[in-house]
Amino acid sequence: MHKDALHGKWEHRDIHNMYGLYVQMATAEGQIQRSGGAERPFVLTRAFFAGSQRFGAVWTGDNAAEWDHLKISIPMCLSLGLVGVSFCGADVGGFFKNPSTELLVRWYQTGAYQPFFRAHAHLDTTRREPWLFGPENTALIREAVRQRYALLPYWYQLFFQAYRTGMPVMRPLWVDYPKDTATFTIDDEFLIGSDLLVHPVTEEGSRGVTAYLPGAGEVWYDVHTFQKHNGAQNLYIPVTLSSIPVFQRGGSIIPRKDRVRRSSACMENDPYTLYVALSPKKFAEGKLYIDDGHSFNYDTKKEFIHRSLTFANNALTSSNLCPDCNFLTSSWIEKVLILGASKPSKVKKISCKETPVDFEFDSSMSVLTLRKPGMNAGDDWTLLLQYGAVGQRYFSVLKRNGSNWQGQTVNAFHFKCSNVVQTSKALFLILCSEK
């Protein structure tokens, strides 16, 4: 624009991007008014400015079906996240030109792990629906989409965190590892939250990638094979066209919904699977956030569930982070996978009562699977892993009843109680060992 294109005393370049901000703002406000203030809006924009994240998602504009454009989508989204625009993504497959089959598959695999995930193309490009590239490639794209949908509970928790704190959902490694100088120049891999590391394959014909796993003294687990790797190393990963290198940080708990559905709406009441990746100190923590997914009741009426998930001292515990919140869910805990575990002699569930839990142990990968423990996702509960007849164990369960504590009487002659573990405001477990 010419410099004499003025808006009062302001040059056009000073306010050009603000126009996009105000168009998105007006559209979002119009959608809210149309629903009588009941429904959240969804407005996708290409033009944006500081503060646009309050009104909707952003995409990176008219890219092309080229490998370089696939690669650059990663640092572009990382940059947007750092300035507050977490809900961002690129046109999968490229807007202009026609992608090769390999490029299209790789772009779906990359886009599935970026915050905004959408295929989009110019009207004059050739058709590129996933089912037009042969059954093998359709299956690869389907698998990438399924991985995306399974992780929706984790994505939702991260967006709640971004709403509360501004922390980017998709972030460079140095955000979580600011003292590790090796992370400073990395822009071909990224973190989703603090707990998932993704290194998409963005080179044509690639047969391997080298991913940097940060964190001296930490471990990372391949989410597909559960193989454990040490942090602070460059790891070479052989890849095929089906490979999406993704790692879960040891010390984290990630909720997923693994049942395959036709849409996210069909998943609303589906059960959760918890992936517990143990640190070298046998500890892990995570969070779970649930609301109705469409209204403002989470804000106006505190209708949401926010749970803390913690694994410590051989106990996995869910406790309430918002005691004055009021929301009910039909979703329950269908399965728990504990990575880096050892085989227990027994597993018990403690909720309203104590019941045994079925489990399987894969000694080759050190993966413990707890099947159908059956707790409601919004309740307080604890799963206890017991090892052998002698040694540390959780012995007594005490539950608050008003100002009193009620529980089973303990014969102190046989047991030495060392400390108390609080699992919620209402539930305590006394940690004991045999004398």
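The values are calculated or read from the model by the stated rules, or taken from the named source; none is laboratory data. Since the structure is predicted, the reported quantities are computational estimates derived from the model, not experimental observations. Methodologically, a virtual Cβ is constructed for each residue, glycine included, from the backbone with ideal geometry; neighbour enumeration extends over all protein chains shown. Each accessible area value is taken on the protein alone, full model and side chains, heavy atoms only, with ligands, DNA and RNA left out. Shrake-Rupley method; radii C 1.70, N 1.55, O 1.52, S 1.80 Å.
Numerical summary
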quantity: FRET efficiency estimate (nearest 0.05) - Cβ-Cβ, Asp362 to Ala47, R0 60 angstrom; calculated: 0.75
quantity: Exceeding the 26 Å Cα-Cα cut-off - candidates Lys302/Lys349; Lys281/Lys349; Lys343/Lys372; calculated: Lys302/Lys349
quantity: Rule-of-thumb Rg ratio for segment 1-129 [Cα; 2.2 N^0.38 Å; N residues]; calculated: 1.22
quantity: Segment 300-376: C-alpha pair distances exceeding 16 Å, %; calculated: 58 percent
quantity: P(r) histogram, all alpha-carbon pairs of the chain included - 10 Å bins from 0, percent; calculated: 4, 18, 27, 25, 15, 7, 3, 1, 0, 0
quantity: Residues of the chain: accessible area per residue with a 1.4 Å probe, Å²; calculated: 51 Å²
quantity: Length-normalised contact order for the chain - Cα pairs under 8 Å, 6+ apart - percent; calculated: 9 percent
quantity: For segment 140-264, the spread of Cα positions along each principal axis, largest first, Å; calculated: 42, 40, 25
quantity: Inter-label distance, nm, simple model (7 Å from Cα along the C-beta direction), His120/Lys343; calculated: 5.3 nm
quantity: Additional length obtainable on full extension of the chain from Asp379 to Arg54, 0.36 nm per residue less Cα span; calculated: 113.8 nm
quantity: Label point distance in nm, Ser100-Thr210, each placed 7 Å from Cα along Cα→Cβ; calculated: 2.3 nm
quantity: Additional length obtainable on full extension of the chain from Lys353 to Asp187, 0.36 nm per residue less Cα span; calculated: 54.8 nm
quantity: Potential extension, Arg259-Thr225 segment - 0.36 nm per residue separation minus Cα distance; calculated: 10.4 nm
quantity: Kyte-Doolittle mean at least -0.5 and Cα axial length at least 18 Å: DSSP H helices in the chain; calculated: 67-82, 152-165
quantity: For Glu354, solvent-accessible area (1.4 Å; no DNA, RNA or ligand), Å²; calculated: 90 Å²
quantity: Estimated inter-spin distance, Arg127 and Arg142, nm [label 7 Å along Cα→Cβ]; calculated: 1.9 nm
quantity: Dipole of the chain, positive end: most advanced residue of Ile32, Phe96, Tyr221 [Cβ charges, Cα centre]; calculated: Tyr221
quantity: With every protein chain in place, the chain: carbon and sulfur % of accessible area (1.4 Å); calculated: 52 percent
